[in-house]
Structures are given as structure tokens and as C-alpha cells.
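This report concerns only the one structure given below.
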Amino acid sequence: MSSPLMDDPRAWDDLLDRLEQDLDSVEGMLAGEVQAPLDPWDPPRAPAPMSSGHVERTRELVIRQQAALERLEAARTTVRRHLQLVDADAAKGLASGPHFFDERT
């Protein structure tokens, strides 16, 4: 069975639209918006050659993807640090509830 990109000249438009929609969702998540989980994406096996009309759009998507990946890595690092703090022995007592101190004594 041949790839849909081999038979349909609009397939690059569809593929780039899908990539752009997923990238919009990722950028929205990074901005704090609640997003539905992304559907799995499998790249086509044998795409037809890209037309020159798609090259600039593809370059722009790649630049946006690289920026999103950098932001995702920074967010992952921040989450990892937060999880380490939650796991720290000193933080474990904080999860048991509030503590009050009488400053008058």
C-alpha cells in the first residue's frame, strides 16, 4: 500500500496542517491553557517530494518546534526540581497539615 502522500498532491498541506495544530496545542499548554491530549502521530513512510511552495511553511514550523522543545525542556527541568523538593525529608512534614507557633511565649 502506498503512502497517501504519493497519490495526493494536497497531502503535504494536510500533513503540515496537522503538525501546526499539534504545535499550537503544545504552545497553548506552555502558556498555561488546558488542552486535550494530543493524538499519536505516525509520520508517513514514503512521502512524495515536497513542493517548493511548502518549503517556507515547513521552515517556520521547524523554528517553532525548536523553540517549543526548548521551553518544554525548561518546564520539565522545573517540574523535576519541584518533585525533588516534595520528596525532600524537610518537605515531608509540610504535607501532614498546617503547623502553628505561639509567638507570645
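Every read-out reported here was derived from the displayed coordinates using simple, explicitly stated rules and does not represent laboratory data. Treat the numbers as computed from the prediction; the structure is a model and nothing was measured. We place every Cβ from the backbone using ideal geometry, glycine too, and count neighbours over all the protein chains shown.
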Checklist entry - With labels modelled as points extended 7 Å from the Cα through the Cβ direction, what inter-label distance (nm, one decimal) is found for Asp17 paired with Leu30? => result 2.5
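In nm, what is the difference between 0.36 nm times the number of residues separating Arg64 and Arg104 and their Cα-Cα distance?
Result: 8.7 nm gained on full extension.
Summing Lys, Arg as +1 and Asp, Glu as -1, what charge do residues with Cβ under 14 Å from the Cβ of Glu70 carry, Glu70 excluded? It would help to have the intermediate numbers written out before the result.
Details: positive: Arg64, Arg71, Arg76; negative: Glu27, Glu73.
Value of the local net charge: +1.
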Checklist entry - Karplus couplings for segment 66-77 from phi (6.51 cos²θ - 1.76 cosθ + 1.60, θ = phi - 60°), rounded to Hz, Gly and Pro as x? => result 4, 5, 5, 4, 5, 5, 5, 5, 5, 5, 5, 5
Checklist outcome for this item: Long-range amide H partners of Ala48, meaning residues 5 or more apart or on another chain whose placed amide H is closer than 5 Å, are Leu5, Met6
